[in-house]
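Notes follow once the structure below has been shown.
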Amino acid sequence: MTAKLLSVKKKNDRNFITVECLLAFDKDEDREKVLNLMRKFSSMVRFAYKRLLEGVERKELKKLLSQKYGINTRYSDDAILLAQQILDSCLQRGQNPKKLVFGSRELFEKLKKKHLTGERRKKLRQKWEERRYGILYSRGDKSKEGNLNLRLVNLDNQWHLRINLGNGEYVWAKVVRSAKREKDRWINLVWDLTQAERTGNWFAYTVRLKLKNGKIYAQISKEEKFPEITITKENGVIGIDINAYPFHLALAWTSRDGNLEKYERISLNGLLDGNTDKREYLSWQIAHQVVEIAKREGKAIVVENLEKIPKGRRGDGMPKLRQKLQKWIYKGLLEKIEVVCKRNGVQVIKVNPAYTSVIGRLKYSPIYRIDKDVAGAYVIARRGLGFKESLPKNYRKLLEDKEFLSYSVARVEDRIAKLKKEIEKEKNEYERNKLKGRLKRLRKELKLLLRYLWDSGKSEPATQQAVNRERKPMRGRARSLQKSWRVLSVALAFSCLEWCPDHSPLKRVLISGDKVAGGVSPSLPGQGTVAQNRCSFIHLG
């Protein structure tokens, strides 16, 4: 039986290639010894996790684990390392670390349901127990011939894993793994191991044992070395933006001087179907497709530096969107693109994602007559080249026009009043939650507009000037500019763009300085009351 190449893992900006192998034991007795060791190590990780929550120091905990479980200090240290990684992961996701369930909370909650019986319950329990109790981990060490506790050794042209039971006893297991394709990473790993044995120049490799469907697998990871970067932003860049509706990649070719050359879209609908393995495979294919384009064009790649993507919550009234976002491996896809770029010597530039979509939609979509997704990718590309996006002159005039902002406020207040009535009439709980979510967003937008109107109505007092002087200049200007884009986006959305989703009316605003208003508007300078279902333009003069 063979196993597949697993995904590349990133640790502290270092990339690790991981391959998975099946372990075969000559004696059932040896297999049982390894299973007992895995159960013991899993217990050590849980024990260490609880002690870390209590604030026990690492040095003290290491000694405590070795005494309690009668195992070598290297295994104790590795158990603490895994426990710390789990704790850090919980905190990064914003979860309560005290409520963590080892073995998967999802499986645990399913097992609690009384209607689940028979073979289905038996398989589900086995899967949960294997995740909870079937772990063994040993980090690599170059000075210990690659790995101290779980070491790969070639015996009579057959690779074996020497497993240290932690008490001075060893168990040997055959590594069952064959290469099925020319570029299989297992071939490179075996070659590196063979050269290390011959020369004595070892490299560190980490080994993790896992129990799946009653079989023991070894996941072997080693750090990947990349060639020198040869394709840089000197010849321009390709900005990449991932979008949920429709689900696709938007690519924007941008010259070194910041001009849009061409654009392309790559569908990601295939990532919404099939299991995790299929989505992982397709993600790698897409990453290679993107990098091949960059190599052909001789351009660097610019992506957003995203830490966390909100995936919705149960009961928010948007199950279809939530399902799509749960399968949306946004960050994973960007990481794969980054890894493939590094393997091919292509420069990857990460930029702040703040307001790239808003700026693209309002500034470049009307001018170039491109959709908002391509415009967002274009802004990302320009940001990667170092360009700053200033607010166009005619947009600044709009933000200085109090009548325009007051009209937008009136439109938002009108929408809030209508939405409240809809919520009162709606009987379906989930639909009501959906409407409440919209109401919450509208109230935030109204607050933003009112606050901006209030601030713009003030004179520039000396106290405010003093506050501004205390701030860092660049940071203060950046915040002010971001707020202006936010206000402009909301104001235009309720004055015109809700009737004109293609953003084409904004071209006249940007070029000739016309003011936009839509629907039934109040009296504007030089105009009576306008009752219409299209966008109207009033010259700012």
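Only strands (runs of 3 or more DSSP E) whose full extent lies in segment 242-312 are considered here, and the ones with at least 3 residues that are among the aliphatic types (A, V, I, L, M) are 248-254, 300-304. Residues in segment 141-165 that are open to solvent by 10 Å² or more (accessible area, probe 1.4 Å) and in a loop (DSSP other than H, G, I, E, B) were compared, and the one that is nearest to V34 (Cα to Cα) is L165. Considering only segment 223-241, state which residues are surrounded by 14 or more Cβ atoms within 10 Å (Cβ to Cβ), over 19 Å from the mean Cα position of the chain (by Cα) and not in a loop (DSSP other than H, G, I, E, B). Scanning segment 223-241 gives E223, I231, K233, V237, I238.
Scanning segment 166-205 for residues that are touching a helix residue (DSSP H, G or I) at 6+ places or on another chain (Cβ under 9 Å), buried (at least 19 other Cβ atoms within 10 Å of the Cβ) and outside any loop (DSSP other than H, G, I, E, B) yields V171, A173, Y205.
Any residue in segment 314-330 that is at pLDDT below 80 and under 30 Å from E228 (Cα atoms)? Checked against the condition, which is being at pLDDT below 80 and under 30 Å from E228 (Cα atoms), segment 314-330 yields at least one hit.
Is there a residue in segment 17-28 that is part of a helix (DSSP H, G or I), open to solvent by less than 60 Å² (accessible area, probe 1.4 Å) and farther than 17 Å from S66 by Cβ? Taking every residue of segment 17-28 in turn, none turns out to be part of a helix (DSSP H, G or I), open to solvent by less than 60 Å² (accessible area, probe 1.4 Å) and farther than 17 Å from S66 by Cβ. Number of residues in segment 41-67 that are assigned to a helix (DSSP H, G or I) and over 14 Å from L82 (Cα atoms): the value is 6. For segment 206-221, the set of residues classified as open to solvent by 70 Å² or more (accessible area, probe 1.4 Å) and in contact with a Lys or Arg (Cβ under 9 Å, 6 or more places away or on another chain) consists of K210, K212, N213, listed by residue number. Taking the conditions (1) part of a loop (DSSP other than H, G, I, E, B); (2) of a type outside the set (D, E, K, R); (3) open to solvent by less than 70 Å² (accessible area, probe 1.4 Å) in turn, H115 satisfies each one other than (3). Any residue at all in segment 83-99 that's among the basic types (K, R), in contact (Cβ under 8 Å) with a residue 24 or more places away in the chain and open to solvent by less than 50 Å² (accessible area, probe 1.4 Å)? No, that holds for no residue.
The values are calculated or read from the model by the stated rules, or taken from the named source; none is laboratory data. As the structure is a prediction and not an experimental result, all values here were calculated from the model. Backbone-built Cβ (ideal geometry, glycine too); neighbour counts: all protein chains shown. What goes into the accessible areas is simple: the full protein's heavy atoms, side chains included, and nothing from ligands, DNA or RNA. Shrake-Rupley method; radii C 1.70, N 1.55, O 1.52, S 1.80 Å.
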